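Peer 1: Mind looking over this structure? Questions follow.
The values are calculated or read from the model by the stated rules, or taken from the named source; none is laboratory data. These numbers were taken from a predicted model, which means no experiment stands behind them. Please note: Cβ atoms are built from the backbone with ideal geometry, for glycine as well, and neighbour counts cover all protein chains shown. Keep in mind that these areas ignore ligands, DNA and RNA; they rest on the heavy atoms of the full protein, side chains included. Shrake-Rupley method; radii C 1.70, N 1.55, O 1.52, S 1.80 Å.
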Amino acid sequence: MTDPPSMPERYRLQTYVLPQPPEPGEGLRLALWQGTGTAATPEALEENLQRLEQVAALAAAQQVQLLAFPELYLSGYIVTPALARALAEPLDGPSLGRVAAAARRHGLAIACPYPERAEVGGEERFYDAIALFDRDGALLRNYRKTHLWGPDEKRCWSPGYLLDEEGSAFTVQPVNGVPVGLLNCYEAEFPELSRRLALEGARLILIPTAADAWAMLSTGEHTDRPYPDVSRSLIPANAIQNDCFVAYANRCGEETVNGRVMAAYLGNSVVAGPHGDLLVAARPEPTLLVADCVPGDYPPLHPAATRYLDDRRPELYEPRPATSAATTAATISPR
């Protein structure tokens, strides 16, 4: 066993908390880890597992009830298709066994993004996945990313929930009695997905991400522009529209593969409240963000208890068959 990786010499603890954590069913004390790391090797995976243990201890000291990490935390985000397959593990593999043990040891739920290997539809497939464990280490949810970003992710991963045997894509799970839904990075930018989870009853939507300033793609190409920063726009908007908390957990700084810098991240992790307010918002530096997400702190946004979810008219939202201009004109012409 190698020596555990040291925590950054300097990291911030940013909190927006009550004197005591919320009671079950009242709310949820959430923590997001925003840090740097290594990727794409067995040594990187071991280092990231050991750091997860250290961060879980820090979070437990803050009485955190749910701790979340960025997208593909265990392997690192930057991988090639070959490396993705080499590092991927099944849901019951040794790495997630250690994550479940950390949840039990520290008494908090953990959302851990990882590369999944699974037999689906009679063939081996690979997924950009998130495993959510409760404070006892029991699996609450394994979520597979459904909307893959760009050509690079499509080279590395299969989209989740193409087949009925995978079950429902969008579900909610109770953590401390609060319904939590999961999305993954690029999926934050599809309003339909957050709305779908809100209709399932989510009061917190948790979105690990890997939003970069630049990255080296698996083809050897350098990205031509930074990833769009949605932390101050779409994340608060999704929270308002769906009357729920939305958390966006990103990396910061550089990510290395065998000592070579392969990406740098925006460090724009945030937790937005149901009124679009930012409870905590990181600078681009290592940070443990901690926020009490208490739905009862937020009365209706509109006067007279008006709510978007109550006033929807879904029958209007489905596309209708195309109507020719001639038919339309005939329909509205005076007789």
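Peer 1: Please go through the range 263-280 and give me each residue that is closer than 23 Å to Asn48 by Cα and open to solvent by 30 Å² or more (accessible area, probe 1.4 Å), ordered by number.
Peer 2: Leu266
Peer 1: For the range 290-323, name all the residues that are surrounded by 10 or more Cβ atoms within 10 Å (Cβ to Cβ) and not in a loop (DSSP other than H, G, I, E, B).
Peer 2: Selection gives Val290, Ala291, Asp292, Cys293, Pro295, Asp297.
Peer 1: Of the numbered conditions (1) crowded, with 17+ Cβ neighbours inside 10 Å; (2) farther than 25 Å from Ser168 by Cβ; (3) in contact with a helix residue (DSSP H, G or I) (Cβ under 8 Å, 6 or more places away or on another chain); (4) among the charged types (D, E, K, R), Arg105 fails exactly one; give the number of that condition.
Peer 2: Arg105 satisfies every listed condition except (1).
Peer 1: Take the residues in the range 47-63 that are in contact with a Pro (Cβ under 9 Å, 6 or more places away or on another chain) and touching a residue at least 40 places away in the same chain (Cβ under 8 Å); name whichever of them is farthest from Val180 (Cα to Cα).
Peer 2: Glu47
Peer 1: Please indicate, with yes or no, whether at least one residue in the range 207-222 is surrounded by 19 or more Cβ atoms within 10 Å (Cβ to Cβ), over 17 Å from Leu72 (Cβ atoms) and either within 17 Å of the chain's Cα centre (by Cα) or polar (S, T, N, Q) (or both).
Peer 2: Looking for residues that are surrounded by 19 or more Cβ atoms within 10 Å (Cβ to Cβ), over 17 Å from Leu72 (Cβ atoms) and either within 17 Å of the chain's Cα centre (by Cα) or polar (S, T, N, Q) (or both), one finds none in the range 207-222, hence no.
Peer 1: Additional query: Quick one: count up the residues across the range 108-149 that are surrounded by fewer than 21 Cβ atoms within 10 Å (Cβ to Cβ), in contact with a Ser or Thr (Cβ under 7 Å, 6 or more places away or on another chain) and hydroxyl-bearing (Ser, Thr, Tyr).
Peer 2: 0
Peer 1: Anything in the range 70-102 that is open to solvent by less than 50 Å² (accessible area, probe 1.4 Å) and within 16 Å of Gly137 (Cβ to Cβ)? List them, or say none.
Peer 2: Residues satisfying the conditions are Gly93, Ser95, Leu96, Gly97, Val99, Ala100, Ala101, Ala102.
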